[in-house]
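Participant: Please see the structure below; I have some questions.
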Amino acid sequence: MQGGGGGSESGSMSTVSREDNMVMSSEDSSCSDESELELGLGLSLGGFKMHQVSRGGHYARILTAKDFPSVISASSSPSSSSSSSSSSSSSSSSLSRANVTAGTKRTADSVAAANSSSQVVGWPPIRAYRMNSMVNQAKNQATEGFNSTMENHKSETSTVEKGTTGISSYQNSGNAKLRKSLFVKVNMDGIPIGRKVDMNAHESYEKLAKTLEDMFLKTTPNVNPAGSRALKLGMMNKLTRSSKLLDGSSDFVLTYEDKEGDWMLVGDVPWKVFLSSVKRLRIMRTSEATGLAPRLHERNCQRQRSKHI
Amino acid sequence: MQKEMAYSFPDEVLKHVFSFIQSDKDRNAVSLVCKSWYEIERWCRRKVFIGNCYAVSPRMVIRRFPEVRSIELKGKPHFADFNLVPDGWGGYVLQWIAEMAGAYPWLGEIRLKRMVVTDESLELIAKSFKNFKVLVLFSCEGFSTDGLAAIAASCKNLRELDLRESEVDDLSGHWLAQFPETCTSLVSLNISCLGSDEVSFSALERLVDRCPNLRSLQLNRAVTLDKIANILRRAPQLVDFGTGNYAAELQPDVFSNLAGAFSSCKELKSLSGFWDVVPAYLPALYSICPRLTSLNLSYATIQSPDLIKLVSHCPRLQRLLFLIQVLDYVEDSGLEELASSCKDLQELRVFPSDPFGVEPNVSLTEQGLVAVSLGCPKLQSVLYFCRRMSNAALVTIAQNCPNLTRFRLCIIEPKTPDYLTLEPLDAGFGAIVEHCKDLRRLSLSGLLTDHVFEYIGTYGKKLEMLSVAFAGDSDLGLHHVLSGCESLRKLEIRDCPFGDKALLANAAKLETMRSLWMSSCAVSFGACKLLGQKMPKLNVEVIDETEPPDSRPESYPVDKLYIYRSVAGPRFDMPPFVWSMDEAVKILH
């Protein structure tokens with residue numbers, strides 16, 4: 001394809017190649033200014049345009065979040081909803097407005113978050129790989145492998161022990177605000193895409209079950225046009241009634257794999273014990289879970305018996 | 001133009017000239033000169049880097065570059081490293097492999113970062129590319145040792161297998177034994193991410209034995225200290241070595257064996273690994289310390305005096321990554337020692353051992369970093385976790401190290417002010433961007449107002465990547481960055497009061513960037529829809545795991561927002577909790 005082509009053709013090709021180049025190179029070519037879409041967008045929000053504000057303040061004032069009390073800074077941490085003293089009053093008023101709005105789960109969450117000491121996900125920014133490494137180190141040091149070393153080398157023992165206290169805080173945090181995440185994989189029978197849930201973000205079995213129900217069993221109206229339609233339709237067909245994962249009244253039960261590799265029914269041991277032994281979760285069809293936990297079968301029998309009475 | 005073309009070189013000559021041009025940027029410039037250069041260049045481009053796998057489709061890449069031998073792809077946004085991107089978000093590589101299997105029979109190198117790689121993908125790689133040489137899976141997930149076995153068995157000329165920081169399902173430890181006896185080509189093997197049972201040590205030994213070109217080897221934790229000597233004696237040509245576990249009962253014969261094995265590695269320049277360190281075994285390294293240029297002790301739970309002793313033996317250290325322990329000793333003095341002995345230091349990373357502790361770690365403060373900035377004039381790259389900072393310290397650091405290209409500071413408690421003056425840290429970070437004219441990457445922390453963004457927008461002309469958390473007062477902050485930072489490619493923001501104004505006023509800027517991530521900010525669903533509608537070359541994706549964004553009022557802020565430019569249009573593999581704002585897609589629905 002040598003030469004040839006009119007001016008317009010080469011013009012369009014170079015546009016295409018610039019675009020292609022932009023996505024396929026590690027560095028940008030120079031940015032083009034021709035597509036400055038400023039006010040077309042600003043207009044729909046009331047003809048607003050950004051100005052630089054001088055320290056003197058005699059330019060047009062920049063509208064900030066506090067001018068729009070309807071914009072709720074609903075986040076998981078309290079710090080951002082009260083990021084500066086000037087915005088705190090508006091955010092509390094917006095939160096009380098939000099309280100009036102009925103039925104939105106997020107509202108309740110944001111109020112709760114503002115009030116309680118919340119837990120900040122992903123902060124400080126330490127990669128999951130590193131966190132998992134440190135947790136495993138703490139476990140190793142606490143269990144076998146080190147006992148003999150400790151006996152033989154007293155001076156090193158004391159330093160090693162001091163060392164482990166620091167590392168072990170990766171597992172159990174004293175700071176309610178910043179706590180370590182403990183993500184475990186969750187798979188549900190019939191759904192190819194698994195999810196991950198943060199065990200440390202839940203204080204009880206009930207909370208965990210609720211999260212999982214929201215994740216997997218919620219009958220969301222199909223508003224997402226793209227994405228795997230077949231998958232979502234399949235999900236909706238399966239789950240047409242609200243389900244409770246813990247009391248055996250649904251088609252599915254919640255099970256987990258423990259440290260020894262055994263699959264157990266969730267809910268039999270105290271929550272803290274469960275946290276320390278859970279490796280991954282599986283939402284299993286009740287029909288497949290019969291061999292797993294005799295107690296489940298018993299519970300169902302009891303329920304049926306009580307119904308008959 | 002036609003007249004000039006008559007005097008230009010024949011294609012073969014141009015092709016030869018272009019073969020010396022390796023950088024993507026230069027190659028792109030070449031392709032824009034004229035139509036014929038575009039054609040010649042695209043047929044001879046052998047290496048393609050795609051920073052966002054959704055920015056372009058496999059078919060488009062193949063159509064334009066038919067003769068690619070090496071491809072690098074990145075998937076998930078950076079904040080996925082900190083669990084901010086839900087599982088199932090995307091980044092699947094299978095479709096790429098499937099299309100390239102047909103189009104690039106001679107593909108030899110695949111490098112992936114933050115992508116989901118399945119066993120099926122690995123098996124497809126193994127059987128499709130006869131000349132396969134390099135597989136790097138950096139921070140990937142979704143595969144098991146079965147997939148690795150397929151690679152090992154089929155790739156006869158494999159040179160590089162690097163699985164760093166990936167998540168691998170352990171099904172069997174015998175995949176290493178799948179490397180045929182005829183495979184002698186390995187140059188680099190990084191299996192440090194594998195768990196306890198995933199490697200057969202005898203297979204590893206035999207493999208190391210028969211690969212005389214092995215330069216880089218990172219073992220996993222299952223390999224115990226006593227086995228290191230065996231490996232090293234089989235590979236004295238190693239340049240880069242990662243130990244497994246570095247703990248054992250102190251035994252004189254094991255120690256001397258280890259020390260001897262290390263000293264026989266005359267080329268060894270870089271060390272890492274060191275899980276579960278027993279300090280008594282560190283002196284085994286002393287003989288190679290004078291040659292070391294890179295030392296990664298960031299998993300080593302050793303304490304300051306042992307660290308100081310070790311580092312003082314390494315005067316040529318250019319790169320040091322280490323973990324600061326909670327101790328009785330003052331860690332700043334350890335850094336001061338470092339500053340006085342390692343004058344060539346270019347990169348420093350300090351990780352917290354106790355990031356969630358209630359008590360502040362008083363052992364490590366800003367003083368350590370100031371000391372290093374003073375003593376190490378070549379310092380270019382810093383990642384530093386600490387609990388307190390001052391503007392004065394930051395100004396000093398900025399003035400001492402004008403050559404900084406990467407500066408990432410994490411003050412552990414969000415919104416911590418200058419501990420001396422209780423003011424925001426705007427001036428300190430402002431000094432960093434002002435003095436460090438080549439700064440390409442910056443991560444902020446501490447108490448920050450809109451002013452810091454004004455500095456960044458004014459001075460950060462070379463800034464390519466900016467990470468912001470719990471900072472700023474208003475949209476003006478975001479506006480400063482988007483309007484001022486000319487080289488900005490990646491912007492990631494969490495928990496900041498930035499809303500619609502700055503985003504919409506700077507919509508065009510987003511087309512010049514690779515991506516923008518905003519989570520727990522104040523961008524409304526309405527603004528996202530508007531952006532998606534007005535900017536067809538952007539994919540605007542809203543992530544919400546609780547409920548669909550249009551079940552709430554339009555003014556309601558979205559939970560997470562990821563915007564990236566793309567010539568491929570919206571993607572079709574979005575999970576149920578990701579919503580595309582693309583108008584065309586909505587019309588389809």
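Participant: Does B:Ser524 qualify as being at the interface with chain A (Cβ under 7 Å from one of its Cβ atoms) and either more than 19 Å from B:Phe79 (Cβ to Cβ) or in contact with a strand residue (DSSP E or B) (Cβ under 7 Å, 6 or more places away or on another chain) (or both)?
Facilitator: Yes: the conditions hold for B:Ser524.
Participant: On the given criteria, is B:Lys25 part of a helix (DSSP H, G or I), more than 21 Å from B:Val578 (Cα to Cα) and more than 13 Å from chain A (Cβ to nearest Cβ)? Even if it seems obvious, please write down each step before you answer.
Facilitator: Working: part of a helix (DSSP H, G or I): yes; more than 21 Å from B:Val578 (Cα to Cα): yes; more than 13 Å from chain A (Cβ to nearest Cβ): no.
Criteria not met by B:Lys25.
Participant: Within region B:104-111, is there a residue that is under 22 Å from the mean Cα position of the chain (by Cα) and either among the basic types (Lys, Arg) or closer than 30 Å to A:Met131 by Cβ (or both)?
Facilitator: yes
Participant: Only one residue in B:Leu124, B:Leu112 is touching a residue at least 24 places away in the same chain (Cβ under 8 Å) and under 18 Å from B:Ile191 (Cβ atoms). Which one?
Facilitator: Numbers: B:Leu124 fails: under 18 Å from B:Ile191 (Cβ atoms).
Only one candidate passes the filter, namely B:Leu112.
Participant: Exactly one of these conditions fails for B:Val93: (1) closer than 17 Å to B:Leu163 by Cα; (2) within 19 Å of the chain's Cα centre (by Cα); (3) within 14 Å of chain A (Cβ to nearest Cβ). Give me its number.
Facilitator: Going through (1) closer than 17 Å to B:Leu163 by Cα; (2) within 19 Å of the chain's Cα centre (by Cα); (3) within 14 Å of chain A (Cβ to nearest Cβ) one by one, B:Val93 breaks only (3).
Participant: Please go through region B:478-500 and pick out each residue that is under 16 Å from B:Ser519 (Cα atoms) and buried (at least 24 other Cβ atoms within 10 Å of the Cβ).
Facilitator: If the condition is that a residue be under 16 Å from B:Ser519 (Cα atoms) and buried (at least 24 other Cβ atoms within 10 Å of the Cβ), then B:Leu478, B:Leu491, B:Ile493, B:Arg494, B:Asp495, B:Cys496, B:Pro497, B:Phe498, B:Gly499, B:Asp500 are the ones that fit.
Participant: Would you check which residues across region B:127-150 are closer than 13 Å to B:Trp106 by Cβ and assigned to a helix (DSSP H, G or I) and list them?
Facilitator: B:Ser128
Participant: For B:Asp500, only one of the following conditions fails: (1) farther than 19 Å from B:Pro77 by Cα; (2) in contact (Cβ under 8 Å) with a residue 40 or more places away in the chain; (3) of a type outside the set (A, V, I, L, M). What is its number?
Facilitator: Result: B:Asp500 fails condition (2) only.
Participant: Now, a different point. Taking B:Ala502 as the residue in question, decide whether it is of a type outside the set (Phe, Trp, Tyr), assigned to a helix (DSSP H, G or I) and modelled with pLDDT of 95 or more.
Facilitator: Here the answer is yes, as B:Ala502 does meet what is asked.
Participant: So, one more: Would it be correct to say that B:Val208 is within 19 Å of A:Tyr129 (Cα to Cα) and under 29 Å from the mean Cα position of the chain (by Cα)?
Facilitator: No; evaluated as a whole, the condition is false for this residue.
Participant: Of all residues in region B:536-552 being part of a loop (DSSP other than H, G, I, E, B) and either among the small types (Gly, Ala, Ser) or more than 8 Å from every other protein chain (Cβ to nearest Cβ) (or both), which is farthest from B:Ser519 (Cα to Cα)?
Facilitator: That would be B:Pro536.
Participant: Looking at (1) among the polar types (S, T, N, Q); (2) more than 9 Å from chain A (Cβ to nearest Cβ); (3) touching a Gly at 6+ places or on another chain (Cβ under 7 Å), can you tell me which one B:Ser8 breaks?
Facilitator: Failing condition for B:Ser8: (3).
Participant: Which members of region B:144-175 meet the condition of being polar (S, T, N, Q) and surrounded by fewer than 22 Cβ atoms within 10 Å (Cβ to Cβ)? Show your work before the answer.
Facilitator: Our first condition is that a residue be polar (S, T, N, Q); within region B:144-175, this holds for B:144-145, B:154, B:157, B:166, B:172.
Answer for region B:144-175, where residues must be polar (S, T, N, Q) and surrounded by fewer than 22 Cβ atoms within 10 Å (Cβ to Cβ): B:Ser144, B:Ser154, B:Asn157, B:Ser172.
Participant: In region B:553-569, how many residues are surrounded by fewer than 22 Cβ atoms within 10 Å (Cβ to Cβ), facing chain A (nearest Cβ under 7 Å) and more than 25 Å from the chain's Cα centre (by Cα)?
Facilitator: Of the residues in that region, 1 qualify.
Participant: Of the conditions (1) under 21 Å from B:Pro570 (Cβ atoms); (2) within 9 Å of another protein chain (Cβ to nearest Cβ); (3) crowded, with 21+ Cβ neighbours inside 10 Å, B:Phe65 fails just one. Which one is it?
Facilitator: Only one criterion in (1) under 21 Å from B:Pro570 (Cβ atoms); (2) within 9 Å of another protein chain (Cβ to nearest Cβ); (3) crowded, with 21+ Cβ neighbours inside 10 Å is unmet by B:Phe65, namely (1).
Participant: Taking only pairs six or more apart or across chains, which ones have beta-carbon atoms under 8 Å, a first residue in region B:77-105 that is at positive phi, and a second residue that is among the acidic types (Asp, Glu)?
Facilitator: Between residues of region B:77-105 that are at positive phi and residues that are among the acidic types (Asp, Glu), the close pairs are B:Asn83/A:Asp198; B:Gly90/B:Asp573.
Residue-by-condition table, conditions (1) at pLDDT below 95; (2) over 13 Å from B:Glu366 (Cβ atoms):
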| residue | (1), (2) |
| --- | --- |
| B:Cys386 | yes, no |
| B:Ser390 | no, no |
| B:Ala398 | no, no |
| B:Leu404 | no, yes |
| B:Leu409 | no, no |
| B:Ile412 | yes, no |
| B:Ala427 | no, yes |
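The values are calculated or read from the model by the stated rules, or taken from the named source; none is laboratory data. Since we're looking at a predicted model, the values are computed, not measured. A quick note on method: Cβ atoms are made from the backbone with ideal geometry, for glycine too, and the neighbour counts reach across all protein chains shown.
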